[in-house]
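Everything on this sheet refers to the single structure shown next.
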Amino acid sequence: MSRDQSDYDVIVIGAGAAGLTAAVAAADTGASVLVVEADVQTGGSSRLSGGHFYAAGTSVQCEAGVTEDSADAMFEHYMTFNQWMVEPSIVRRYCDLSAPTFEWLMARGVKFPAAMLYVSGVGNVPRGHQPEGGGQAVVLALEAQLASRGIDLVLATRVEHLICDDTGSVSGIETSDGLVSCGSVVVATGGFGANANLIAEHYPDAAKAGNWGWYIGSPMAQGDGLKLGQEVGAALDGHNKGLLLTTPGFSHDLEVLLPDWLILVNPEGRRFVNETAPYTVLGGLIQRQGGTVFAIFDEAIRAAAKRTPFFNAYWVDEVLAQKADEGTIIRAESIEALAEQTEIDSKALKGTLDRYNKDCGQGGDSVFFKKTQGAPQPIETAPFYAVEVRPAIICWTGTGLRVDAEVSVLGTDDQPIPGLFAAGETVGSLHGDRYIGGGGSFGPCIVFGKLAGENAAAYAAT
Ligand SMILES: Cc1cc2nc3c(=O)[nH]c(=O)nc-3n(C[C@H](O)[C@H](O)[C@H](O)COP(=O)(O)OP(=O)(O)OC[C@H]3O[C@@H](n4cnc5c(N)ncnc54)[C@H](O)[C@@H]3O)c2cc1C
């Protein structure tokens, strides 16, 4: 780094969606800003993501005819959905700022077509705003703002430590190139999906998936922010939170949904869920069954399972046949034999299938109300198949630095650490046991990124 040590008001660590937003917002208040990025390019996991933004009360919703939504309604839904096991002040802040921050992002050149608005979670209000061009378009739009604001960006430089002054205020960073001082720091280093040790420590539900588990994001998601913060006394929040997608574990391909033609049974041989439940809740429901369940189908269904845009890696006729030949999928000539091989009680499994098949004959699932694309298909043609599925694909991690509603990082004494702010996936204080919906991670990155940038600049100015 070539700048003099005390040149910056604000240093932002990490140039993903949260960090870039923080940098632009801080510079907009007149602060001098340095962004330090470990990777050779900006974007982190944000660049790879869909970039969906969960927000209420936006102009895009209005354009799409959703005129009744509001921050109050979003808050109510968020809190109820999480059984009030999330911190209200943080959720409230996100809900209140979601629409104005969304409009701010659109004003910086990101397009969110009204036609792409969708119901992204559990519920019936469309709050999932999809950008044209995905997360990469958001990253590029934000990055394009840096030069005109005089924001310095240093790539390929990993921040190793935070520096505090005599008063305990965070006043700089240390990289392998040396020290740089500043008035305040925003930590925006993303999650820790790529760090197996931190997964084991902070996300046991994901660790349970063993070698089935893999992370869909950037290899730079090493959880550096947790260590940087903890070294200066920060507390962590959000143990065992995140989002896991369900997979039969054949390969490292990303398929978000399960096909509607299979049924899931727990170790007792009972169905426990609508198999087409939103991905935001399915993983958690499987965890409640102990983390291991079986998908059951038959030969007629297997033979008809052709590739579609949604299913082209796992749930395809020839892949299923190959996996059965290899022994990854259990194949049996009778339900009794299938039960024996899966160690499921035969009577229970048979009863479950009889009930399901009877429902199929009568037009639908009377127990879990699963809706299928075509007519519901009974599972009755030998051979029968069982394959274990686990919530194992890690989308984002939810343990991170504990913050207050101003995104000041809190110490283990629950007091703000002066000069230290955080935003994005490195923050641990927002998510409950269930993911609110598509855009529920990326949206807060922008919302709290902007707030962190503004507050860090204000702190530096004092
Ligand atoms: C494929 C994919 C699809 C997704 N789709 C969605 C979606 O549609 N909606 C949604 O809500 N969420 C989605 N998510 C999750 C969401 O995208 C992420 O939670 C979010 O983008 C994280 O943003 P961030 O800025 O916090 O971190 P990142 O974008 O990961 O940025 C962090 C940056 O910090 C850098 N860094 C790390 N350590 C250091 C260090 N010590 N020094 C300097 N730099 C460092 C990294 O290199 C990285 O560039 C998706 C994730 C993935 C991977």
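Quick look at the numbers
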read-out	value
Dipole moment magnitude, nearest 20 debye, the chain about Cα centre, only Lys, Arg, Asp, Glu C-beta charged	960
Normalised contact order of segment 245-393, rounded percent, pairs of Cα under 8 Å and 6 or more residues apart	37
Share of carbon and sulfur in the accessible heavy-atom surface of the chain [1.4 Å probe, %]	50
Spatial separation of Cα centroids for segment 142-189 and segment 200-234, in angstrom	22
Cβ-placed point charges (K, R +1; D, E -1), dipole of segment 397-462 about Cα centre in debye, nearest 20	200
Segment 115-203, relative contact order in percent, only Cα pairs under 8 angstrom and at least six apart counted	12
Shape of segment 245-393, Cα gyration tensor, a/c cut at 1.5	rounded
Options Val40, Pro444, Ala300, ranked by Cα towards positive dipole end of the chain, top entry (Cβ charges)	Ala300
Area accessible to solvent at Leu179, 1.4 Å probe radius, in Å²	80
Leu257 versus Asp7: modelled label distance in nm, points set 7 Å from Cα along the beta carbon direction	5.2
Spatially close lysines, pair count over the chain: Cα under 20 Å, gap of eight or more or interchain	10
Surface accessible to a 1.4 Å probe, per residue, for the residues of the chain, Å²	39
Estimated [θ] at 222 nm from DSSP helical runs (n ≥ 4, -39500 (n - 2.57)) normalised by residues in the chain, nearest 500	-9500 deg cm²/dmol
Helix runs (DSSP H) in the chain reaching 27 Å along axis by Cα, Kyte-Doolittle at least -0.5	88-107, 442-461
Pairwise FRET efficiency - Asp414 versus Glu333, Cβ, R0 = 41 Å, nearest 0.05	0.10
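The values are calculated or read from the model by the stated rules, or taken from the named source; none is laboratory data. Quantities reported herein were computed from a predicted structural model and do not represent experimental measurements. Note that we place each Cβ from the backbone using ideal geometry, even for glycine, and neighbour counts take in every protein chain shown. These area figures cover heavy atoms from the full protein model, side chains too; ligands, DNA and RNA do not enter into them. Shrake-Rupley method; radii C 1.70, N 1.55, O 1.52, S 1.80 Å.
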